[in-house]
Every structure is written in structure tokens, then in C-alpha cells.
1. Within the stretch 345-380, which residues are in contact with a Lys or Arg (Cβ under 9 Å, 6 or more places away or on another chain) and of a type in the set (Ser, Thr, Tyr)?
2. Being of a type in the set (Asp, Glu) and without any contact (Cβ under 8 Å) to a residue 40 or more places away in the chain is the requirement here; does residue 63 meet it?
3. What's the total number of residues in the stretch 103-116 that are under 22 Å from residue 42 (Cβ atoms) and more than 25 Å from the chain's Cα centre (by Cα)?
4. Which condition from (1) over 23 Å from the mean Cα position of the chain (by Cα); (2) modelled with pLDDT of 95 or more is the one that residue 309 breaks?
5. Going through the stretch 245-258 one residue at a time, which ones are surrounded by fewer than 16 Cβ atoms within 10 Å (Cβ to Cβ) and of a type in the set (D, E, K, R)?
6. Considering every residue within the stretch 124-142, establish whether at least one is in contact with a Phe, Trp or Tyr (Cβ under 7 Å, 6 or more places away or on another chain), more than 28 Å from residue 53 (Cα to Cα), part of a helix (DSSP H, G or I) and not small (Gly, Ala, Ser).
7. How many residues are over 29 Å from residue 396 (Cβ atoms) and assigned to a helix (DSSP H, G or I) if we restrict to the stretch 154-210?
8. Restricting to the stretch 253-296, name every residue that is closer than 18 Å to residue 188 by Cβ, touching a residue at least 40 places away in the same chain (Cβ under 8 Å) and β-branched (Val, Ile, Thr).
Amino acid sequence: MMDITTPPLERAIGIELYLTKTHGIGGKIRQRIDDFCVEEITNRIEGTDGRYLIVELTKRDWDMHHLIRTLSRSLGISQKRFGWAGTKDKRALTKQKISIWDVDAEELQRVNLPGVELRTIGRSNKKVALGDLWGNNFRIIVRDMDIPIEIARERMESITSEIAQARGVPNFFGVQRFGTLRPITHLVGEALVNCDVEKAALIYLAKSSSREPESTRTARDDLLKTRDFKSALKRFPTHLRYERAMLNVLARDPDDYVGAFRVISTELQKMFVHAYQSYVFNRILSRRLKMGLPINSAIPGDVVCFTNKAGLPDVSRIQRTTDDNVDGINNLIHKKRAFVTAPLLGYGSQFADGKPGEVERCIIDEMGIELDNFRVSNMSELASKGRRREILSLVMPITAIDEVMAMQFSLPKGSYATIVLREYMKN
């Protein structure tokens, strides 16, 4: 592979190289809200009866959790009555289904929010949930490219050809997994897994980023120096509601770091552990690519997963690749019925054999990871047994270029559009 240097931000989250050898076109994304469009793919068919109202939600520049809180206030109902399959990008135009328990369609007329459209689809006795998400369709515009149009067109065509030859891109976790402005969630997760809750809290509260406003950076830096939680509570901006909730606990009891984490939702706490698992996965996948091992075919020692009825990878159905079955497994991979996997670590993780297993164990040894630590003995609600994840994201982008680059593609759930974009932009 060509040695095209990855940005420091990507290296910090474990992404150390590109799949494609062609130089990128540069440019910027999300210059306008409508430059990044996401539409959910689902197989749900709605009826006319049921306790759940099923609604098509179109939103512009809204964080999903913030929007649900706002909708619950507008309708005078609990947030727990809403259901959705996936959390879409904030700075984007997104379309997806949501469910609302025990609400009539007429009540939606009370909602008048900028950048929000609600269209009733039907009713169901089954709420919209994570299992309903199959994937997402993307339409993305890249502006302000660094090179002339003709050169950009040549590079785009070359990159598209390389992706087609590989049948997709490495299934890295994108920066959104770690925090776009302040990519530290994996560092918090590492400290939690190692039962150093004090360190985890101080990273989350006090590790600043150059991408944050100066007042926020100063407040975090001062907290790191002084450990004065009462003073920090006065200085932290109100929009940092999770940090402020934790500071409220620590202002009362400066040693109650476990209590500080437990004041935020268990779902958010688990997100930190998941980010740490994602970071290790990225490092394993990067090392595999550096070693020249394939991601679109199996070699002896690999652990593969098979697809479910929807054609999506099902990591509950796995098999080890041997000299005897490698040809048959690669035939299934070619037919998109199987995928090579790598571990999302947990206390129950089993490693691959052969060269793939050497890569996995090498990263674990280099990082000094003890699998049993994922039981998180002092916060057992965060324990993770671990699982496998496919290392190839099947994708075939369609691109066009004039003064801007336009791109369309579909991805399965759990894959990141930015991982496709980075191969084209390389900036």
C-alpha cells in the first residue's frame, strides 16, 4: 500500500492507513445542511391499527436526543414513549421512522419546530427499535476541492475502481464513535474497564480539545489543575449537561466518582466501553492491512460470520477457517453470504488462529489488555462479553463531479459514511 499519511485525528482513534493508493481530492463536507443527506433503510410495513403511531421524521440540524426531549415537551408525554432504530447525524438532512406510543395523529399538529417534519405513516403494535434498521442511503456533497476538476475526476474514478476491486472499504469505526469535537470516549472507556473511575471522570470532565471554544477549554484545564468541582460547576457551559450532572455529584462528594458516572444513563456509560472496544478493533484492522492480509477473503485461521435472512452479517453465527474449508468459505464470501471478522473485545473473547490470530494477540499484548477486566468489577453494569465484527463494509459509491463532488451510496447498519469519504478526500 502507498504510504499516504493519515491525519493525527484518525491515528488517535486507531485508523492508521488507507485502503486505496490514489491520492485524494481534498475538499470539505457539511458546508451546508443539505450537503449530507441520510435516509434509513428498513423492511417495516405499517398497518392502520395498533397502540404505536408510526411517523416519518425528517429533521435538519437536530441532535436526535435533543429532538426527542423537545417533542416530548411539545406533546406533553414521556420520552420513553418514543422509539427509533438509529441515531442519525446532527448536521445533516435525515429521514427515518419513529414510533410514539398511545398518541393520535391529530396531536402532531401541536408540533411546530424549525427543521422538523412529521408525516404519519400508519399504526403498529410493535415500536420502532434498533432491530428494524438495515442500513442507510447517503447523498453527500464535497465542496472546496484542492485540485482542478479534471485531476479530481481522474482521482475519483481511480479510487472508485480500487474500492470496487476490494468490494468495499475497511469497516473502521468513524470519528463520530469517539467524539467529533473531542475524541476522548475511548480513553474514558479504557479507564473504566481498568477500574480507574477517578481517571475516567477526570478525562471526561477535564481533558480539553483545541476544537472546543476557548471558555470551555479554560474551564476544563482549570478543573484538571485544581480539582475544584464546585468552581467548575459555575464555569462549565449549560449545554454540557452530562458534565454538569457529574460535577453536581462531585461538588457534594469529591470522592464519589462512581456516583458521578451513575448520574448519567447506563446507555451513555456503556458508550464509553464500546468506544474503547472500537478503538482496539480499529487498531487490529489497521495492523491486518499493514501486514498485507486480505479483508475481502479469508485465510486459514480467520473467524468468519454468516449472513441472516436480510443478507446482513450475523455475528452470532461464526465458523473458523481451516485449510480444508477455506475454498468453500471464500465462495460464500464472494456471494456476500459470509464475512471475515475481528474482535470487539470482552471477557469472553476468542481469538482467531494462524496469522489473523497473531495480529489480534499482538495488539492485545502491546496495549497490555487483560480480557477479564471487561467484567468491570466496580461497575458491573458496564461488563461486556465481547463479540466479533465484520472487517469489510460492502459499498459501491456512485460519483459525479462538476464544481462539487456528488456521491451516493448505501451502507449496512453500523458502518460509517465518513469511512467511505476519507478514501476519496484523504485530508
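The values are calculated or read from the model by the stated rules, or taken from the named source; none is laboratory data. Here the structure is a predicted model, which is why all the values come from computation and not from measurement. As a convention, Cβ positions derive from the backbone with ideal geometry for all residues, glycine included, and neighbour counts pool all protein chains shown.
1. Matches in the stretch 345-380: 347, 349.
2. Values: of a type in the set (Asp, Glu): yes; without any contact (Cβ under 8 Å) to a residue 40 or more places away in the chain: yes.
Taking the combined requirement at face value, the residue satisfies it.
3. Residues of the stretch 103-116 that are under 22 Å from residue 42 (Cβ atoms), as a first pass: 103, 105, 108, 116.
Restricting the remaining residues to those that are more than 25 Å from the chain's Cα centre (by Cα) gives 103, 105, 108.
The qualifying residues number 3.
4. (2) is the only condition that residue 309 fails.
5. 252, 253, 255
6. no
7. 19
8. 258, 266, 273, 280
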